[in-house]
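So the structure is just underneath, and the comments pick up after that.
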Amino acid sequence: MSTPKIVSTENVATQKQPTRWWVVALMFFFGWMFIYADRTILNPVMSSIGQTFGLDKAGLGLLSSVFFLTYAIVQIPSGMLGDRFGRLKFIILGFVIFGTFTGLTGVMGGVGFLFIMRAMVGFGQGFYYGPQYSLSGEMLPEKYRTLGSAIINSGQAFGISLGMIGSSFIAFDMGLGWQGPFWFFAIPTVIVGVLMFLLIREPKKVASAASSEPKPSILSLFKNRNLVMTFIMVFCSLYGFFVMITWLPTYLAEIWQVPKSQTGFVASLTAWTSVPAALLIAWVSDRIGKRKPLLMIVFPGAIVSILLLMFAPSYQVVIVALVLYGLLGKLATDPLLVALCGTNSPKAITATAFGTFNFIGMSSSILAPYVTGWLVDTTGSWNTGFYLAIGLLAIAFVAALFLREPRKVEN
């Protein structure tokens with residue numbers, strides 16, 4: 001007699017929310033927007049920070065790597081804690097932490113203080129990914145899930161553009177120096193966390209009927225062939241992405257003499273063009289019920305775009321290369337990889353699965369800024385860093401070949 005009651009209660013989580021699914025999507029959109037804005041405001045002012053503290057490119061790359069190190073370390077624990085104690089609690093806690101330390105980054109101190117502040121920003125942001133995707137997957141009704149997920153993911157592109165353009169404008173056009181962007185972005189970040197607390201109610205979890213089956217362990221994720229291939233692809237895809245967004249403003253200023261006040265706008269072209277591309281790719285993927293065919297297109301396309309950037313004969317071709325990377329790079333690939341992770345993960349540990357997925361992917365972001373800076377310092381050429389990114393994208397393409405998908409993937 002109790003079984004029907006439990007089954008119907010489990011469905012309440014999604015049935016309760018159809019009238020306010022857009023609130024969930026909108027708040028998580030703003031979440032990603034300020035995560036990526038606070039993450040990328042560093043990039044347009046890196047050269048100024050280097051001059052202030054006497055850091056070479058390897059040192060500046062290490063500043064970004066420290067952020068991603070703490071971010072990646074938190075991924076798996078945040079997913080496990082969210083599964084156990086409540087996902088929204090840790091999302092809000094993370095926003096308060098990284099908003100506060102974003103503001104403190106702009107406080108003039110020694111180089112050690114600067115590194116500690118960026119590490120703490122990464123720590124706070126690390127509480128978002130796994131809990132957010134697990135929570136939105138539960139709270140978005142089936143008929144709005146693709147649209148809602150696309151709205152949420154597009155916050156990343158808006159955040160990159162906001163961070164790049166805003167940082168350049170505040171630091172150079174307003175004349176507030178490299179500290180200014182950190183002050184400006186701190187307050188709205190904390191406000192977003194407060195709004196999530198006020199507007200989102202996490203559905204209560206209902207214990208399984210008999211708990212006859214043991215809860216899957218994190219090791220079970222690595223026994224699934226499709227998940228292993230997905231983990232490889234996200235690592236390789238994100239490496240190239242963080243080479244691009246970390247170093248693109250500096251590259252444009254040094255190689256193409258783009259004014260510092262404009263580098264943020266030009267670099268953000270990859271983000272703007274990725275929004276319609278991601279929506280289209282997600283729609284096509286849902287229509288055909290498969291991810292693999294599209295992955296076989298986007299990875300070679302991303303390789304071509306980086307090659308075009310490296311050997312562009314004119315500035316106009318550079319713009320074409322950046323637009324092409326936006327259309328076929330990491331942000332456009334995200335819906336496919338996130339869908340693969342969600343489809344193949346055990347339902348009982350979805351937040352843990354997404355935390356593991358992002359931990360592996362963001363591990364590449366620890367390496368990409370420093371390794372690229374070190375290669376440029378050592379060889380004197382930007383191309384060596386780009387070649388490594390291309391090689392990893394080629395590995396991602398090979399991993400996609402080993403995916404096994406049914407005839408139609410269920411949403």
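The values are calculated or read from the model by the stated rules, or taken from the named source; none is laboratory data. Quantities reported herein were computed from a predicted structural model and do not represent experimental measurements. Here Cβ is always computed from backbone atoms with ideal geometry, including for glycine, and neighbour counts include all displayed protein chains.
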Could you list all residues from segment 211-242 that are β-branched (Val, Ile, Thr) and not in a helix (DSSP H, G or I)? none
Picked from segment 258-295 (must be among the charged types (D, E, K, R), modelled with pLDDT of 80 or more and surrounded by fewer than 22 Cβ atoms within 10 Å (Cβ to Cβ)), the residue nearest to Ile319 (Cα to Cα) is Lys260
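Residue by residue through segment 230-244, note down the ones that are of a type in the set (A, V, I, L, M) and either under 20 Å from Leu322 (Cα atoms) or crowded, with 24+ Cβ neighbours inside 10 Å (or both). Give the steps one after another, and end with the answer.
Step one: list which residues in segment 230-244 are of a type in the set (A, V, I, L, M), which gives 232-234, 238, 243-244.
Result: Met233, Val234, Leu238, Val243, Met244.
For the subset of segment 307-323 comprising residues that are free of Cβ contacts under 8 Å to residues at least 40 places away in the same chain and in a helix (DSSP H, G or I), which member is surrounded by the most Cβ atoms within 10 Å (Cβ to Cβ)?
Here the answer is Ala321.
Scan segment 374-385 residue by residue and report those that are part of a helix (DSSP H, G or I), hydrophobic (A, V, I, L, M, F, W, C) and more than 18 Å from Ser363 (Cα to Cα).
In the first step, residues of segment 374-385 are kept if they are part of a helix (DSSP H, G or I); the result is 374-379, 383-385.
Now narrow it down to the ones that are hydrophobic (A, V, I, L, M, F, W, C): 374-376.
Leu375, Val376 - these are the residues of segment 374-385 that are part of a helix (DSSP H, G or I), hydrophobic (A, V, I, L, M, F, W, C) and more than 18 Å from Ser363 (Cα to Cα).
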Could you list, in sequence order, all residues of segment 56-85 that are of a type in the set (Ser, Thr, Tyr) and under 22 Å from Pro346 (Cα atoms)? Ser78
Scan segment 156-168 and report the pairs whose first residue is surrounded by fewer than 24 Cβ atoms within 10 Å (Cβ to Cβ) and β-branched (Val, Ile, Thr) and whose second residue is modelled with pLDDT under 90 and outside any helix (DSSP H, G or I), with Cβ atoms within less than 7 Å and a gap of 6+ or a chain change. Ile165/Ser268
Check segment 174-182 and report whether any residue there is assigned to a helix (DSSP H, G or I), at pLDDT below 95 and of a type in the set (S, T, N, Q). no
Looking at (1) of a type outside the set (Ser, Thr, Tyr); (2) over 18 Å from the mean Cα position of the chain (by Cα); (3) at pLDDT below 85; (4) under 24 Å from Asp377 (Cα atoms), which is the one condition that is false for Pro249? (3)
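Name the residue that is farthest from the chain's Cα centre (by Cα), counting only residues in segment 252-284 that are part of a helix (DSSP H, G or I) and among the hydroxyl-bearing types (Ser, Thr, Tyr). If you could, list the steps in order and put the result at the bottom.
So in segment 252-284, the residues part of a helix (DSSP H, G or I) come out as 252-255, 260-267, 269-284.
Okay, now just the ones that are also among the hydroxyl-bearing types (Ser, Thr, Tyr), so 261, 263, 270, 273-274.
Values: Ser261: 25, Thr263: 21, Thr270: 14, Thr273: 16, Ser274: 13 Å.
Going through the qualifying residues, I end up with Ser261.
Looking at Leu238, Leu248, Leu308, Leu295, which is the one that is of a type outside the set (Gly, Ala, Ser), out of contact with any Phe, Trp or Tyr (no Cβ under 7 Å at 6 or more places or on another chain) and farther than 16 Å from Ile390 by Cβ? Working first, answer last.
Details: Leu238 fails: farther than 16 Å from Ile390 by Cβ; Leu248 fails: farther than 16 Å from Ile390 by Cβ; Leu308 fails: farther than 16 Å from Ile390 by Cβ.
Sole residue among the options that is of a type outside the set (Gly, Ala, Ser), out of contact with any Phe, Trp or Tyr (no Cβ under 7 Å at 6 or more places or on another chain) and farther than 16 Å from Ile390 by Cβ: Leu295.
Within segment 206-221, can one find any residue that is surrounded by 18 or more Cβ atoms within 10 Å (Cβ to Cβ), without any contact (Cβ under 8 Å) to a residue 60 or more places away in the chain and out of contact with any Ser or Thr (no Cβ under 6 Å at 6 or more places or on another chain)? If you could, list the steps in order and put the result at the bottom.
Initially, segment 206-221 is screened for residues surrounded by 18 or more Cβ atoms within 10 Å (Cβ to Cβ), giving 221.
Retained after the next criterion (residues that are without any contact (Cβ under 8 Å) to a residue 60 or more places away in the chain): none.
No, the conditions are met nowhere in segment 206-221.
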